[in-house]
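Chemist: Quick one: the structure is below, and I'll ask about it shortly.
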Amino acid sequence: MNRSITDRIFAEYDSMRSREEVLRNERVRRVHEKFPELEKIRQEITRIGTECALAVAKEPDREDEIRKSLRGRLDELTERRDEILRENGVPSDYDRVRFNCPICRDTGFVGNEKCSCFKAKQTLYSYESSNLSAGMKRSHFSDFDLNYYSAEPGDDGISPRRRAEKSLAEAKKMAEDFDGYEKSLLFYGGTGLGKTFLSGCIANELIGKGYSVLYVRSGKLFSLLESKKFGRHLSQEDEEMISSAAVCDLLVLDDLGAEAPSKFTRSFLYDIIDERILGGKKMVISTNLTLDELSRMYTQRVTSRLFEFFYAMKLTGTDIRRQKMYE
């Protein structure tokens, strides 16, 4: 998971515990100010506890006997304390820290396992930093409808539906076994055929599992990288996007080839792919270009990286958005 997200969550837990401790101390102060006997009882219980600990330390063999001799007095004090609280309508937990999550006591963990509240925060903040559009956040494999792809064989003898089935299966495979998945994915084909939708499906699955994801259109990322290269001012958000593009678990680079081609974009693309390969990080790239067009638009260095380290999944057929217009 993205370290900045982890740090943010732990900082939030620290803040919650500190805030609740302050509130607890203020409750105790107000109650004891109003009912001074409660403060005296607290002090006496503390004194007895200290006396017991010292006695046990001196004579550990008599621990049970020592504790039994003091238990009666402690019971009397506790009973009197509870009586004062009941008579005056003071909550019995007034002197305890009230955790936002009683399961993990605002630590985020139960034993060595993440608490459900930690997982919820992780998912929320991962979505916030992912840059996914509202539509992509709703992309799920169960909604990928193969009926929009013709079962009739194309010019190459393979039907659009068969290609869509293969692309869907490969996307699911990546999402289900992300750590064990060998390569990255390249979805290519005409507009409106589900490339971005499948990318969103993978992103949503991985975010739900705690992986960090960044979605960005290639033109946007290359523009930011060019601005940084030439020392132009970038907002903190833009700086964070550039950093995340290098270190996030999955980078989804959408609409590759739609940007204006230049020596800079070719260099940026190579550097991004190479840096992530060396770092063991995966990518999902989508493009409307054919493989031949990619080879012509980018250098041999770039396309050799794409063909070696990516599974290329082609989508064909009729624009699904147009089909839905006539439903």
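Chemist: What pairs come up if the first residue lies in region 295-324 and is at positive phi, the second is aromatic (Phe, Trp, Tyr) and open to solvent by less than 70 Å² (accessible area, probe 1.4 Å), and their beta carbons are under 7 Å apart, counting only those six or more places apart or on different chains?
Modeler: As it stands, the answer is 317/149, since those pairs meet every condition given.
Chemist: Turning to a different aspect of this structure: Inspect region 148-167 for any residue being under 22 Å from the mean Cα position of the chain (by Cα) and part of a helix (DSSP H, G or I) and give the result as yes or no.
Modeler: No.
Chemist: Return yes or no: is residue 205 closer than 18 Å to residue 167 by Cβ, open to solvent by 30 Å² or more (accessible area, probe 1.4 Å) and either β-branched (Val, Ile, Thr) or not in a helix (DSSP H, G or I) (or both)?
Modeler: no
Chemist: Out of the residues in region 172-184 that are small (Gly, Ala, Ser) and open to solvent by less than 20 Å² (accessible area, probe 1.4 Å), state the one that is farthest from the chain's Cα centre (by Cα).
Modeler: Among those residues, the one meeting the criterion is 184.
Chemist: Here's another thing I want to ask about it. Could you grab the pairs with beta carbons closer than 6 Å, sequence gap of 6+ or different chains, first residue in region 258-282 and closer than 13 Å to residue 310 by Cβ, second one among the polar types (S, T, N, Q)?
Modeler: 282/184
Chemist: Here's a follow-up. (1) in contact (Cβ under 8 Å) with a residue 24 or more places away in the chain; (2) under 18 Å from residue 310 (Cα atoms): which one isn't true of residue 173, the others all being true?
Modeler: (1)
Chemist: Looking only at region 75-123, count how many residues are open to solvent by 40 Å² or more (accessible area, probe 1.4 Å), more than 21 Å from residue 43 (Cα to Cα) and in a loop (DSSP other than H, G, I, E, B).
Modeler: Matching residues across region 75-123 total 10.
Chemist: Within region 185-202, work out how many residues are within 21 Å of residue 293 (Cβ to Cβ) and open to solvent by 60 Å² or more (accessible area, probe 1.4 Å). Please lay out each step first, then the result.
Modeler: If we filter region 185-202 for residues that are within 21 Å of residue 293 (Cβ to Cβ), which is where we start, we get 185-196, 198-199.
In the following step, the residues that additionally are open to solvent by 60 Å² or more (accessible area, probe 1.4 Å) were identified as 191.
Residues in region 185-202 being within 21 Å of residue 293 (Cβ to Cβ) and open to solvent by 60 Å² or more (accessible area, probe 1.4 Å): 1 in total.
Chemist: A further question follows. Before we move on, is residue 231 over 30 Å from residue 147 (Cα atoms), small (Gly, Ala, Ser), surrounded by fewer than 19 Cβ atoms within 10 Å (Cβ to Cβ) and more than 27 Å from the chain's Cα centre (by Cα)?
Modeler: yes
Chemist: If you check residue 126 against the conditions, is it modelled with pLDDT under 95, open to solvent by less than 30 Å² (accessible area, probe 1.4 Å) and closer than 27 Å to residue 220 by Cβ?
Modeler: For residue 126, the condition - modelled with pLDDT under 95, open to solvent by less than 30 Å² (accessible area, probe 1.4 Å) and closer than 27 Å to residue 220 by Cβ - is met.
Chemist: Given the residues 134, 151, 169, which is the only one that is hydrophobic (A, V, I, L, M, F, W, C), loosely packed, with under 14 Cβ neighbours inside 10 Å and more than 23 Å from residue 324 (Cα to Cα)?
Modeler: 169
The values are calculated or read from the model by the stated rules, or taken from the named source; none is laboratory data. In this text the structure is predicted, and so the values were computed from the model without any measurement. Glycine also receives a Cβ, built like all others from the backbone with ideal geometry; neighbour counts cover every protein chain displayed. Heads up: the accessible areas ignore ligands, DNA and RNA and are worked out on the full protein's heavy atoms, side chains in. Shrake-Rupley method; radii C 1.70, N 1.55, O 1.52, S 1.80 Å.
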